[in-house]
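**Q** Dumping the structure here so I can ask a few things about it.
Since every read-out is calculated from the coordinates, none of them should be taken as a lab result. The shown structure was predicted, so the numbers you read here are calculated from the model rather than taken from an experiment. Using ideal geometry, Cβ is built from the backbone for each residue, glycine included, and neighbour counts are taken over all protein chains shown.
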Amino acid sequence: MFVALSLSNARAAELVMFEQAGCAWCEAFDREIAPIYGKTEEGLRAPLRRVDTSLGAPPDLAFIETERLTPLFVLVDRGREIGRIRGYPGEDHFWGLLGVLMKKLDASGMGEERAQLFEKIVRVND
């Protein structure tokens with residue numbers, strides 16, 4: 001039960017993907033990254049949340065300034081934007097840019113707690 005509660009706290013951060021139908025770069029992301037994202041450390045720390053731009057942002061994401069470009073990835077934590085990746089630059093560049101955002105999350109002081117918690121959860125499950 002402790003692990004389940006800790007895991008829910010670990011998911012306070014999210015990687016929000018703004019996408020639209022017919023977006024070729026969104027489709028490339030879906031082929032190359034989406035199938036494995038949830039299994040990565042980044043995906044466990046900041047689960048992917050998809051938002052269809054044609055429907056507009058949900059009320060809890062109204063603070064995010066959206067753009068016309070899709071995909072747009074915005075790393076958010078506790079109601080604030082940590083950073084963004086505009087477009088999908090390909091698999092190698094995506095992971096590098098996401099790594100920079102995760103370091104910003106850690107530097108904010110909020111992500112560090114979750115990183116340590118994630119390590120504890122992994123140790124418990126090993």
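**Q** Which distance in nm do the two modelled labels at Ser54 and Glu32 give, with both placed 7 Å along the Cα-to-Cβ direction?
**A** 2.5
**Q** So, one more: Can you compute the FRET efficiency between Glu41 and Glu67 using 1/(1 + (r/R0)^6), with r the Cβ-Cβ distance and R0 = 35 Å? Round to the nearest 0.05. Each step should come with its number before you reach the end.
**A** Numbers: r = 27 Å, r/R0 = 0.78.
Taking R0 as 35 Å, the efficiency between Glu41 and Glu67 is 0.80.
**Q** Is the range 15-116 rounded, prolate or oblate when judged by the Cα gyration tensor, a ≥ b ≥ c being the square roots of its eigenvalues, rounded requiring a/c under 1.5 and prolate requiring a/b larger than b/c?
**A** It comes out oblate by the Cα gyration axes.
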